[in-house]
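Below is one structure, written out as structure tokens; the observations come after it.
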Amino acid sequence: MTKKCSTCNREVTNDYVELKCPNCNKAVIIRCIQCRELSNSYKCPECGFEGP
Ligand SMILES: [Zn+2]
Ligand SMILES: [Zn+2]
């Protein structure tokens, strides 16, 4: 199963972080290392919450 960065939609392999949406606490946000370093914002697929 492939995982995709929630921000840039690229497939992630080993360098990524996984966090739960702080708003709905249901969806899992995945951020690739690049988006993390650039502090790109993410958007929750469940509730639409956007955060850093
Ligand atoms: Zn990314
Ligand atoms: Zn959410």
Fill in: Label-point gap, in nm, between V28 and C47 - each point 7 angstrom along Cα→Cβ
1.9 nm
Practice prompt. Mind listing the long-range amide H neighbours of I29? Cut-off is under 5 Å, sequence gap 5 or more, other chains count too, H placed in the peptide plane at 1.01 Å from N.
Written response: L19, K20, C21
Discussion item. So for the chain, averaging the separation of alpha carbon pairs under 8 Å that are six or more residues apart and normalising by length, what relative contact order in percent results?
Written reply: 32 percent
Worksheet, complete the sentence: Cα-based Rg then Dmax for the chain, in Å, read 10.1, 26
Response to the item:
Scalar couplings 3J(HN,Hα) for segment 28-39 by Karplus 6.51 cos²θ - 1.76 cosθ + 1.60 (θ = phi - 60°), nearest whole Hz, x for Gly and Pro, are 9, 8, 10, 10, 6, 4, 5, 5, 5, 5, 8, 6
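Bear in mind these aren't lab numbers, they're just calculated from the coordinates by the rules spelled out. Here the structure is a predicted model, which means the values were calculated and not measured. We place every Cβ from the backbone using ideal geometry, glycine too, and count neighbours over all the protein chains shown.
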